[in-house]
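The values are calculated or read from the model by the stated rules, or taken from the named source; none is laboratory data. These figures come from a predicted structure and were not determined experimentally. Here Cβ is always computed from backbone atoms with ideal geometry, including for glycine, and neighbour counts include all displayed protein chains. SASA here: full protein model, heavy atoms, side chains in, ligands and nucleic acids out. Shrake-Rupley method; radii C 1.70, N 1.55, O 1.52, S 1.80 Å.
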Amino acid sequence: MANTKMITCLWFDHGKAREAAEFYARTFPDSHVGPTHEAATDYPGGQEGNELTVEFTVLGRPFIGLNGGPTFQPNEAVSFMVLTDDQEETDRYWNAIVENGGAESECGWCKDRWGFSWQITPRALLDAMADPDRQAAKRAMEAMMTMRKIDIAAIEKARSGSAVSSSRAQ
């Protein structure tokens, strides 16, 4: 990370940064856990020698996890949008997050067990929402609004004007 100009720092409760970094590295390609750093002195809420930070990379992007304690909690104001190429990839990421202590939300959003929000977003959805045929885009958006995990086939049916019925919608 020495040559990197900007790194996103994620605040975790004590001792959770490594756990999250290891989960992200198992879940997403081009991801890994890097060095950890111990506190050089006592600090508010922690002691010298505690694991203070963990460097990690998710989908090629650098992060640092700070074991800062319970003072600050993540919220939906910041989320990680992961673009997917097909339903299999969408399902894999969504299920990994939700089935490992996370929670479903609406319209392709979910939260991991540390409280961070993820948008698992098929490229097909973005294409449909940007369709120059605004009625097609409207139908796709209306279909998306009924979903938790995005169902690409249902989005494509809505975009084309076909009747929408999806077993994945809820």
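What residue among PHE63, ALA39, ALA137 has its Cα farthest toward the positive end of the dipole of the chain, where the charges are +1 on Lys, Arg and -1 on Asp, Glu, each on the Cβ? Going by the charge dipole, the pick is ALA137. Its residues counted as N, region 8-70 yields a C-alpha radius of gyration over 2.2 N^0.38 Å of 1.09. Once the 1.4 Å probe is applied to the protein heavy atoms, the chain comes out at 55 Å² accessible per residue. In order along region 74-79, the phi-based Karplus estimate (6.51 cos²θ - 1.76 cosθ + 1.60, θ = phi - 60°) of 3J(HN,Hα) comes to x, 9, 5, 4, 10, 9 Hz; Gly and Pro are listed as x. Computed about the Cα centre, the dipole magnitude for the chain is approximately 520 debye when only Lys and Arg (+1) and Asp and Glu (-1) carry charge, each at its Cβ.
3J(HN,Hα) couplings calculated from phi for region 127-143 with the Karplus curve 6.51 cos²θ - 1.76 cosθ + 1.60 (θ = phi - 60°) are, in sequence order, 4, 5, 5, 9, 4, x, 6, 5, 5, 5, 4, 4, 4, 5, 5, 4, 5 Hz; Gly and Pro show x. Working note: Karplus 6.51/-1.76/1.60 with θ = phi - 60° gives region 15-31 the couplings x, 9, 4, 5, 4, 5, 4, 5, 5, 4, 5, 6, 8, 10, x, 6, 9 Hz, where Gly and Pro are set to x. Among the trypsin sites (Lys or Arg not before Pro) within region 1-53, those in coil by DSSP and having at most 11 neighbouring Cβ atoms inside 10 Å are LYS5. Shown for region 46-89 is the translational diffusion coefficient from the Stokes-Einstein equation, using the Kirkwood radius over Cα pairs, a temperature of 4 °C and a viscosity of 1.567 mPa s: 95 µm²/s. Applying the criteria of a DSSP loop state and at most 14 other Cβ atoms within 10 Å to the GluC sites (Glu not before Pro) of region 45-119 yields GLU48, GLU76, GLU99, GLU106. Surface composition of the chain: carbon and sulfur atoms hold 50% of the protein heavy-atom accessible area at a 1.4 Å probe.
Between MET1 and ASN95, the FRET efficiency estimated from the beta carbon spacing at R0 = 41 angstrom works out to 0.85.
Amide H to amide H, with H built 1.01 Å from N, TYR43 comes under 5 Å of GLU48, counting only residues 5 or more places away or on other chains. What the Cα convex hull of region 67-170 gives, in volume per residue, is 100 Å³.
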